[in-house]
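Laboratory data are not the source of any read-out in this text; all were calculated from the coordinates shown. Since this is a predicted model, take the numbers as computed values, not measurements. All Cβ positions, glycine included, derive from the backbone under ideal geometry; neighbour counts span all protein chains shown.
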Amino acid sequence: MNYTGVTDQGLAQLAELKNLKSLGLDSTLVTDKSREIFLRLKTLESLNLYHTTITGKVEEEIKNGLPGCRITWDEKSAMPNRRRS
């Protein structure tokens, strides 16, 4: 789903996928509002949140809630000059 217009509302539809292993959301429109959705995806092994507006606080909560998941994220990647229009 990298580089798509997926939003928090669209991401909510994935919450029912019980065997999802990898989720790429680079340069999407997901925000901190998706925190609970991420925390329900217990089978995730890889989550790419690069170039999203997810905050450090929520990234840390996701990391703690999904200890077996490798998360790609950088707070500075959300800066307007580093995100696609």
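A few notes on this one:
- Cβ-defined net charge surrounding LEU20, 12 Å radius [Lys, Arg +1; Asp, Glu -1]: +2
- Gaussian network model of the chain, Cα within-10 Å springs - most flexible of LEU44, LEU25, LEU14: LEU14
- Eligible aspartates and glutamates near LYS42 by straight Cα distance, threshold 13 Å, same-chain separation 8 or greater: GLU16
- Three-way shape label, region 19-82, alpha-carbon gyration tensor, a/c 1.5: prolate
- Candidate aspartates and glutamates for bridging to LYS57, where Cα separation is under 15 Å - those fewer than 8 sequence places away on the same chain excluded: ASP32, GLU36, ASP74, GLU75
- Taking a Cβ cut-off of under 14 Å around GLY68, the surrounding Lys, Arg, Asp and Glu residues balance to a net charge of +3, with basic ones at +1 and acidic ones at -1.
- Segment MET1-GLN13, length gained on full extension (0.36 nm per residue, minus Cα span): 3.0 nm
- Simple rule: put +1 on each Lys or Arg Cβ and -1 on each Asp or Glu Cβ in the chain, find the dipole, and look at ASN2, THR43, ALA15; the Cα lying farthest toward the positive end is ASN2.
- Between region 1-33 and region 42-83, the alpha-carbon centres lie 12 Å apart.
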